[in-house]
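Report on the structure given below.
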Amino acid sequence: MIDKLKIALAVACVIAGVGAYYYFAEMAQVLRVLMVLGGLVAAGVVAWLSTPGKEFFTFAQEAWQEAGRVSWPTRKETMQTTAIVFVFVTIMAMFLFAIDSTLAWIVKLMTGRGE
């Protein structure tokens, strides 16, 4: 129950920040943006203090660690893969153009509009 109130308070902080941005339209743009950022920071702090917020923070940390364990391709592998994709796309484009042209020619012959 208390966690739901914390999440609701976090949402209210975001709404208050955005509302202040529009309510104080005559103020400097920088101050208005700071109001929105303040609302977001307050919402983040309140949400982090809730159980779902802590679980999300733990999940985010684990996801970041997992991304660090990923085997990223080297520049050479990336360039080779990109070249293979471009060649395949070019060949497929020519193949589909040939099929489309052939079918269009057949339809013209069947409808009597061909040469």
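Tell me which label goes with the value of Cα extents along the principal axes in Å computed from the coordinates here: (i) 77, 44, 35; (ii) 48, 34, 30; (iii) 34, 27, 25.
After the calculation, the listed value that fits is (i).
Grab the Cα-Cα distance for F97 and Q80, subtract it from 0.36 nm times how many residues apart they are, and report the gain in nm with one decimal.
Full-extension gain reported as 3.5 nm.
With contacts defined as alpha carbon pairs under 8 Å and 6 or more residues apart, what's the relative contact order of the chain in percent?
Working: 55 pairs, mean separation 24.9, N = 115.
Computed over the chain, the figure is 22 percent.
What angle do you read, to the nearest 10 degrees and between 0 and 90, between the alpha-carbon axis of helix 75-111 and the longest principal axis of the chain?
50 degrees
A short reminder: the numbers here are calculations on the coordinates, not readings from a lab. Computed from a prediction, not measured in an experiment: that's the story for all the values here.
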